[in-house]
Amino acid sequence: MRSLAFPSRFLAGVACAFWVSACVGPRRPPEPKAAPANGPVEGRALYEARCDECHALPPPGAHAPETWSLILDRMKVKARLTPREEHLVRAYVLANAAWTRPEPKAP
């Protein structure tokens, strides 16, 4: 019986290793959705005009896409963005977001 336990544990360990390695692979941006030809220009203009009314603007590269999604979900109401404007601003900041995490600073 002991001889069957080792291969099954080994295979389970290998499967877990592959599963974990899939989670830490290189990050790729999502496939872009169809946007108007002037989308990036209009999205940037909206971002600068609406978001700058209340606070200083962080550059789009200051946050990862996941963080931008959370920020935009919260701020779209405060900025009074229409669904189209929200789409344009979201497309702009996600296209310019930080796709890699910054390296930790040495102490």
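The values are calculated or read from the model by the stated rules, or taken from the named source; none is laboratory data. Bear in mind that the values here come from a model prediction, so they are computed numbers and not experimental data. Here the Cβ is made from the backbone with ideal geometry for all residues, glycine too, and neighbour counts use every protein chain on show.
Points to keep in mind about this one:
- For the stretch 39-63, a residue qualifies if it is in a loop (DSSP other than H, G, I, E, B), surrounded by 10 or more Cβ atoms within 10 Å (Cβ to Cβ) and modelled with pLDDT of 85 or more, and the qualifying residues are L57, P58, P59, H63.
- Residues of the stretch 70-89 classified as without any contact (Cβ under 8 Å) to a residue 24 or more places away in the chain and either among the charged types (D, E, K, R) or assigned to a helix (DSSP H, G or I) (or both), total: 10
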